[in-house]
1. So which of Leu79, Leu123 ends up being at pLDDT below 90 and either aliphatic (A, V, I, L, M) or farther than 15 Å from Ile11 by Cβ (or both)?
2. Name the single residue that is surrounded by the most Cβ atoms within 10 Å (Cβ to Cβ) among those in the range 52-92 being of a type in the set (S, T, N, Q) and in a strand (DSSP E or B).
3. I want to confirm something. Restricting to the range 13-23 and keeping residues that are farther than 22 Å from Ser61 by Cβ and not in a strand (DSSP E or B), which single residue is farthest from the chain's Cα centre (by Cα)?
4. It is to be established whether one or more residues within the range 34-51 are crowded, with 17+ Cβ neighbours inside 10 Å, out of contact with any Leu (no Cβ under 8 Å at 6 or more places or on another chain), part of a loop (DSSP other than H, G, I, E, B) and on the phi < 0 side of the Ramachandran plot.
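The values are calculated or read from the model by the stated rules, or taken from the named source; none is laboratory data. Fair warning: this is a prediction, and the values are worked out from it, not measured in the lab. All Cβ positions, even for glycine, are placed from backbone atoms using ideal geometry, and neighbour counts span all protein chains on display.
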Amino acid sequence: MKECMSAALQIQCYQCEDVRQDDCTSPEFIVNCTVNVQDMCQKEELVMEDGIHYRKSCASSGACLIASSGYQQFCTGKLNSVCITCCNTALCNGPRHKRRAASHACAAPSISHYITSLLGLMLLYLCLH
């Protein structure tokens, strides 16, 4: 039963602390986030004199939203810039994608996130009964 529950609402993210230049997206940086607690991936990019430093981790949506909105004014892309982004799909804090309209604030959970959550709850219910 425990195996069935752990598959319910778990996301995988890249996790690293203060990695310079390399954006830590190789397989050894992949972690399983805490089930039903850490539902987002977080990425911090700090522009320093010696290059861009990355921090990536699992996060709860509440903590990630607060952090990203709190640092939004410091996300300039210039020296000492700090950008924090949040996302809610597997390994979404990985490599940069081609820029569309860049938004550094955390996006609200998408409808697919709610559907995935609902399916996870349904799976959990079926596992328990």
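1. Result: Leu123 is the single residue among Leu79, Leu123 that is at pLDDT below 90 and either aliphatic (A, V, I, L, M) or farther than 15 Å from Ile11 by Cβ (or both).
2. Taking the candidates together, the pick is Thr85.
3. Start the filter on the range 13-23 by keeping residues that are farther than 22 Å from Ser61 by Cβ, which leaves 18-23.
From what is left, the residues that are not in a strand (DSSP E or B) are 21-23.
On the way: Gln21: 19, Asp22: 17, Asp23: 14 Å.
Looking at residues that are farther than 22 Å from Ser61 by Cβ and not in a strand (DSSP E or B), I get Gln21.
4. Yes, because at least one residue in the range 34-51 is crowded, with 17+ Cβ neighbours inside 10 Å, out of contact with any Leu (no Cβ under 8 Å at 6 or more places or on another chain), part of a loop (DSSP other than H, G, I, E, B) and on the phi < 0 side of the Ramachandran plot.
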